[in-house]
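What follows is a short report on a single structure.
The values are calculated or read from the model by the stated rules, or taken from the named source; none is laboratory data. The model shown is predicted, which means the values in this text are computed figures rather than measured ones. As a convention, Cβ positions derive from the backbone with ideal geometry for all residues, glycine included, and neighbour counts pool all protein chains shown.
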C-alpha cells in the first residue's frame, strides 16, 4: 500500500495504523520455518515479459528476473552503480517507503 501512495495513486495508506503484530499468531510463528519461496516459473516469466507494453518495462522486468533483486533494491540502483565494462552492478542503496537507505561505506 505504501508503494501505491508513493506512486500517487491514493493520498494516504488506509492500513498504515494497523499494527503488523495483528497478523501474527503462535500458529504462524510455529510454521515460519516452513515458508517456501515460490518464484515465477519460466512460462510465467515469459507471460509477464510478453505483456509489457514498452521497452522500459520489458527491460526492468527482465533485469529483475535475471538478478533476483528485491523491488526496493531495484528502485535504489543508480547509473553510478553500473559498470558496463565489467558487467557488474553494485547494490549500494534501496528505496523503502520513499526513503533512500544506503549501505555504510567501509573505512579504509
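If you go through the range 71-86 and keep only what is in contact with a helix residue (DSSP H, G or I) (Cβ under 9 Å, 6 or more places away or on another chain) and either loosely packed, with under 14 Cβ neighbours inside 10 Å or in contact (Cβ under 8 Å) with a residue 40 or more places away in the chain (or both), you end up with just 71.
Every condition in (1) in contact with a helix residue (DSSP H, G or I) (Cβ under 7 Å, 6 or more places away or on another chain); (2) at pLDDT below 90; (3) over 21 Å from residue 2 (Cα atoms) holds for residue 45 except the one numbered (2). Which residue is nearest to the chain's Cα centre (by Cα), if the candidates are limited to the range 87-96 and must be surrounded by 13 or more Cβ atoms within 10 Å (Cβ to Cβ) and in a loop (DSSP other than H, G, I, E, B)? Among residues in the range 87-96 that are surrounded by 13 or more Cβ atoms within 10 Å (Cβ to Cβ) and in a loop (DSSP other than H, G, I, E, B), the one nearest to the chain's Cα centre (by Cα) is 91. For the range 36-70, the set of residues classified as surrounded by 13 or more Cβ atoms within 10 Å (Cβ to Cβ), more than 19 Å from residue 82 (Cβ to Cβ) and free of Cβ contacts under 8 Å to residues at least 12 places away in the same chain consists of 52 only. Among residues of the range 6-35 that are under 23 Å from residue 98 (Cα atoms), those with a Cβ under 8 angstrom from a residue that is at pLDDT 65 or above and not in a loop (DSSP other than H, G, I, E, B), sequence gap 6+ or separate chain, pair up as 10/4; 11/5; 12/5; 13/2; 13/4; 13/5; 16/2. Residue 59 passes every criterion in (1) out of contact with any helix residue (DSSP H, G or I) (no Cβ under 7 Å at 6 or more places or on another chain); (2) at pLDDT below 90; (3) over 21 Å from residue 4 (Cα atoms) apart from (2).
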